[in-house]
Amino acid sequence: MPDAASEDAVLLRGIWKRFPGVVANAGANLRVRRGTIHAVLGENGAGKSTLMNVLSGVYRPDEGDLVIDGRARRFSSPADAIAAGVGMVHQEFRLVPTFTVAENVVLGASPLRIDKRDISARVDALADQYGLAADPTRPVWQLSMGERQRVEILKALWRDARVLILDEPTAVLTPAEADELGGIIRRMADEGRSVIFISHKLDEVKAFCDEATVLRGGKTVAESLDVREIEPTRMAELMVGDAGASVAERPAPHPVGKPVLELRGVNALGSRGLPALIDADLTVNEGEIVGIAGVSGNGQRELADVVAGLTPTTSGSIVLAGVDVAGRPPRVRFKAGLAYIPEDRLGVGLAPALSVVDNAILRSYRAHRRGPLLAVERCKRFCEGLVEKFGVKVGNVDDRIGSLSGGNLQRLLLGRELSGEPRLVLAAQPTRGLDVQGVRAIQQLLVDQRDADTGVLLISEDLDELLTLADRLFVMSEGRLLAEFDPTTATRAEIGAAMAGADGAMR
Amino acid sequence: MKRPVLVRRDRVLPGSQAFAFVAGLVVALLFGAILLIASGHDPIEVYGRMWSSSFGSTNGLGRTFNRAVPLALAGLAVAIAGTMGLWNIGAEGQILAGALGAAWVARIGETWSSPALITAMLVAGTIAGLVWALGPALAKAGLGVNEIITTLMLNEVAVRVVRYLLNGAWKDPASLNFPVAPKLPEAARLPGLFGRAHLGVVIALVVIALVAVVVNRSAWGYELRIAGSSGPAAAYAGISLKRKILTVLLVSGAIAGLGGAIELTGNAERITEGISNGYGFAGIIVAALALMRPWAIPAVAVVFGAVQVGGSSIQTLGVPASVADILQALILAGALIAGVLMAYRVRWVSTRAQDPSGDGLEAVAGV
Amino acid sequence: MTKLRRLLLLLAVFAMIAAGCGSDGGDSDSASTDDGATDESAEDDAMAEDDDAMAEDDAMAEDDGEGHSGGAADVIAAFIYIGPPGDAGWTFAHDEGRKAAEAATGATTLFIENVPEGTEDFANAARDFIENEGANLIVGTSFGYMDDMETLAGEYPDVVFEHISGFKSNDSNFGNTFGRMYEPRYLSGMAAASVSETGQLGYVAAFPIPEVIRGINAFTLGARAVNPDATVEVNWTATWFDPPVEGNSAQALIDAGADVIAMHQDSTAAGEVAEAAGVRWVSYNSDMSAFAPEAFVTAPVWDWGPRYTALIEAVGDGSYTPGGYWGGLSDGVVDLAPLADDVPADVAGQIDDLKGQIVDGSFHPFAGPVNDQDGNEVIADGETPDDGSLLGMDYFVEGVIGSAAG
């Protein structure tokens, strides 16, 4: 293994990839040695998936070099990447449910004449070689998620992938299955293949991987760390950021008023039907910013949706500005004074196919009616008012909202939400993906709200942002709100440890 | 070896839509000309007849407009449901139900004055279409039952109901026991407009304009567009998706039902089970070509109607039905393919590299 | 306004094509130049004896023979079909008749296929034929064209409209034509019963209308003339042409014990099912023995050639008089296809004798006594029903299993 590892299997240098409104990769680098398991770490939105899609030929980078096995490459489709020996197992599997395991494995890469028995035997042999127990004659719809993942891995091996990318492979696995997967990829690495393991579960990275590269904000912040020598807390710190230049000065403190949001014993299920928010108790008062930190996927989304009324609670009470809103529809909450900046700006907060005007009036269109019709001029004036007041750069208010940049989308969204004079602002990842200027502007708007005696609940993965803005800080892990921190005194290491689950509160 | 793969364009080229449609049409007509020459016909004569029978004369224009009316209303019914991402595949049955409702009014209102009778027939047809969409609408809104399947199945039911009535209660006593309904009274005949065009052309245009205004300008239409653009965004805005699904499918059915009533009073002598004549399915193509936009529907429906009228007319020149059908299909396919190519481009990739996860497998369901 | 522009561009393409082609000239060359069948006009003279409403037949009969009359050769006859001529059934028989008439008269014939009922397509096609191709005879071959033909007859008084299988007419230029298919149906019932071992016959039938009911009854009476215990089970398909449905229907009858399948349908599906199941088949419309050579017994068939020839000649010399034409075996518009070899010689002889008696008028298939399904006498001994009651027949006779209400 040491000899074989002397050469790079994958070398990515200075990869840039921009999407409308977002820069996903801003000069990212990655070096994977042959015969190793390499972790790619980063928060959601850090650019991991984009970088892997570049490597597997799904996206073409705007700039940057791609070298596989010492040869410079330009992939224009996944097929090109496969031909170069790069295979990827996506989070959403791409299997035909009614086909058998063997049929799925050879689909699109089979000999012209298919002898079912022969194919099954060959797939079986391949599975045995790597300990990927899977009956080749069973239809895929009968398989568990873990078994389906093995079929995906077999597909890549069938095509002789020498570099295998696994995108958050353990998200769908039980702990026992995850351990098994660790054994399988180790065997593949011992054979001289390279495995890229995308995750933000640090204990798994520690257990399975040889090296780790950390991405943040589309850039590589730490390259090829030796996993054996680095503490998980340090990896967590790298993921969420050091003292960042992007963050404003800590604002002056502000007197706190009476509670505007009180959660008592709130439970809710996530999209997979499993408990995602467990016994949440939380109070937000007028004139304060309460921060929620944590690695994404630990219940923050459910917390926000439960408060906004988009996800039902299974138990508990939610009192918003004196109104008990548990079980009430979203409109009741907005009438009570909620402003919600959802994590998915386009798709939840904004309707992507509609115009800027149509999106600007999403909350207030009922007030812009003239008879059954919308008063077009009044809507337009309202929109132009928002655009001017919140400095949204927009060509024409009748253009599709999708044509706006990320920062301007967020300004319009925030402007719209704040124009209703809210009592509570609930902001989920409000600055993610924005440039420095945009981050500053959004943060200032939140502070202004606090100073106007509004309560602010800020959910963010940017620890620096939380440490700077929040008056009180909680960490979320495994669906629970953990220890409260004082942002003025807590150290990054303490919080990072809580986020990484290293304080023993879970598992 | 290379093989073609469709790749979605990052952005649609400006002005490309109109150009693509025309290009698709020209290519289709050129292919059609080859086909005609191969089958021993003069393409200039055949295309000339297509033109003269559909647009080239007052009577031709009337035919085309009359044919465009059910196509446009069916297309509008599909399009308004499509605005919310729903597929009403049941316009065929709703048209039949609308014709049935109108025919029922004509049975009880034989003695009424013509304007009263026709108005009542159109209203009854609209209500009947709405009723025909009620089941699928409730099932979709309440239980999430796929509306494609329910609306499609009710098409069959509508045919059976008409057949049942024609074989029983509605059988014309003067028909020597043939299963046909009595002829409609003269008062039920929709007044003419010009040439052979009837007043249904105006009614359809008014309805389309109304729907376009409602979709684009009203609060209701606004909520519809939000819900169609993004379900979560609609929920976020406090819009009840269930109520929207229910109402939009009912409106869709009502529009198709009106189309059936107009077809009955405008073109038919009596109700038959063939009165919907595939308009409900053609409406899907109309709506697709109009990109689900109400304003675009009249133009698409007129062109579609002209293709049908012209395609039938050239058979009287001696062009076999099979060739005429291929010609019609070519023209529609040309326009549709052009529409697809606007959003995608063709790229050639090497076949040596197989593709386990990329573009080529888009159609395969994720597990 | 891009949508408007798109429409204009579309129209422009059409306009360019139209500009390139000039006016559509008088070239009426058409698909009807296919070879016609052999000259069958010799059978025409038989028709003259039939219906009193058919005065034109007499005129035509004089004009028969080799030389095409100038009048008939100038006729442009357009046929509007409900189905495709390739269906081997109803439309095929009409198209054979059209070809035969064209060959016999030298007239120009045109046709259009697959024209649906109850829509404006029929009127559009008829107008195209009249206005663009100069047609002066329009033949519509489906019941549902009746209203349109009546209306158009008023609109184009110089064009003759002849409707097949309907019952309406006017006193100048609109008439109807049909055939006494019950006559060969009766004979086919005799043949069917003679090759049945169980005496259980099956009948795949389209719609419970008088025409179909009459055929079932005649078939049953014929069968029971050979085997008094024979029964005929009816299975309704509710379609004229739908091969899978017709096949399923035949299979259901076979499963219920029938060993001969008759049909009033336009496809050959029932025959193919019978062939596969090893039972026998009486086809309809045309001699379909090629589709199921083992199963085929015989078939009541149409021969429209003589009738269409007569029509064209009557239009050509101006002798057309409208009304109802209902020709039988005596005119040759209906006939019985050749019998299978295993039909017993005595039965074959009987069939031949009865055919002769029907032609000369000494035998009527519905001659009393006839009982209905419940055993009530509906036609008394010694009586024969008039055409009115035949055309409105809505009951099944004794021996039929099934409901005449559908």
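Any read-out appearing in this document is the output of simple, stated calculations on the displayed coordinates, not a laboratory observation. Please read all numbers here as calculations on a predicted model, not as lab measurements. Cβ: placed from backbone, ideal geometry, glycine included. Neighbour counts: every protein chain shown.
A cut-off of 5 Å between modelled amide H atoms, ignoring neighbours fewer than 5 places along the same chain, links residue C:79 with C:110, C:111, C:112, C:139.
Across the alpha-carbon atoms of region B:219-306, the computed radius of gyration and Dmax are 16.1, 51 angstrom.
In this rough spin-label picture, where each label sits 7 Å from Cα along the Cβ direction, the residue A:252-residue C:376 distance is 10.7 nm. With Cα atoms defining each centre, region A:379-454 and region B:61-105 are spaced 43 Å apart in the structure.
The value obtained for the protein assembly as shown, namely the Cα convex hull volume divided by the number of residues, is 205 Å³ per residue. From most to least packed by mean Cβ count within 10 Å, the peptides C:257-270, A:223-236 give C:257-270, A:223-236. Taking amide H as placed 1.01 Å from N in the peptide plane, residue A:41 has its amide H under 5 Å from the amide H of A:213, A:214, A:215, each at least 5 places away in sequence or on another chain.
Straight-line cross-link reach from residue B:171 at under 23 Å between alpha-carbon atoms covers these lysines, not counting any fewer than eight positions away in the same chain: B:183, C:168.
Per residue of peptide A:331-342, the mean number of Cβ atoms on other chains within 10 Å of the residue Cβ is 1. Across q = 0.09, 0.10, 0.16 Å⁻¹, region A:4-240 modelled as identical point scatterers on its alpha-carbon atoms has Debye log10 I(q)/I(0) values of -0.36, -0.45, -1.13, in the order of the q list.
Fully extending the segment from residue A:377 to residue A:440 would add 19.5 nm, taking 0.36 nm per residue of separation and subtracting the current Cα-Cα distance. Backbone amide hydrogens, once placed in the peptide plane, bring residue B:56 within less than 5 Å of nothing, excluding anything fewer than 5 places away on its chain. Each of the peptides C:397-403, B:31-37 was scored by the mean count of other Cβ atoms within 10 Å over its residues; in descending order, highest first, they stand as C:397-403, B:31-37. Normalising the average separation of contacting C-alpha pairs (under 8 angstrom, six or more residues apart) by the number of residues puts the relative contact order of chain B at 37 percent.
Here's the picture: charge each Lys and Arg Cβ at +1 and each Asp and Glu Cβ at -1 in the protein assembly as shown, and of C:261, B:58, C:190 the one pushed furthest to the positive end of that dipole is B:58. Packing order of peptides A:353-361, B:254-262, highest average first: B:254-262, A:353-361 (average count of other Cβ atoms within 10 Å over each peptide's residues).
A Förster radius of 25 Å, combined with the Cβ-Cβ distance separating residue A:384 from residue A:344, puts the computed FRET efficiency at roughly 0.45. Cβ-to-Cβ counts within 10 Å put A:74, B:67 in ascending order as A:74, B:67, the fewest first. For region A:346-421, the Kirkwood estimate of hydrodynamic radius, built from reciprocal distances between every pair of different alpha carbons, is 12.2 Å. Cross-link partners of residue A:393 among lysines, defined as those whose alpha carbon lies under 27 angstrom from its own and excluding same-chain residues fewer than eight positions apart: A:17, A:219, A:380.
Listed by chain and number, the lysines whose alpha-carbon sits under 27 Å from that of residue B:140, ignoring those within fewer than 8 places in the same chain, are B:242, B:244. Only bridges with both residues in the protein assembly as shown count here: give the DSSP antiparallel percent, nearest 5. Within the protein assembly as shown, antiparallel bridges account for around 45 percent of the total.
Working from label points 7 Å from Cα in the Cα-to-Cβ sense, the residue B:39 to residue A:92 distance is 4.3 nm. Per residue of peptide B:172-178, the mean number of Cβ atoms on other chains within 10 Å of the residue Cβ is 6.
A simple spin-label model places the labels of residue A:229 and residue A:353 5.5 nm from each other, with each point 7 Å out along Cα-to-Cβ. Potential lengthening of the chain between residue A:118 and residue A:370 amounts to 83.6 nm, from the contour at 0.36 nm per residue minus the alpha-carbon distance.
Three semi-axes describe the equivalent ellipsoid of region C:256-406; taken as square roots of 5 times the Cα gyration tensor eigenvalues and ordered largest first, they are 28, 24, 17 Å.
Mean partner shielding of peptide B:136-149, defined as the number of other chain Cβ atoms within 10 Å of each residue Cβ, is 0. Treating r as the C-beta distance of residue A:128 and residue B:164 and R0 as 56 Å, the FRET efficiency rounds to 0.35. Between residue B:202 and residue B:241, full extension at 0.36 nm per residue minus the direct alpha carbon distance yields a gain of 10.7 nm.
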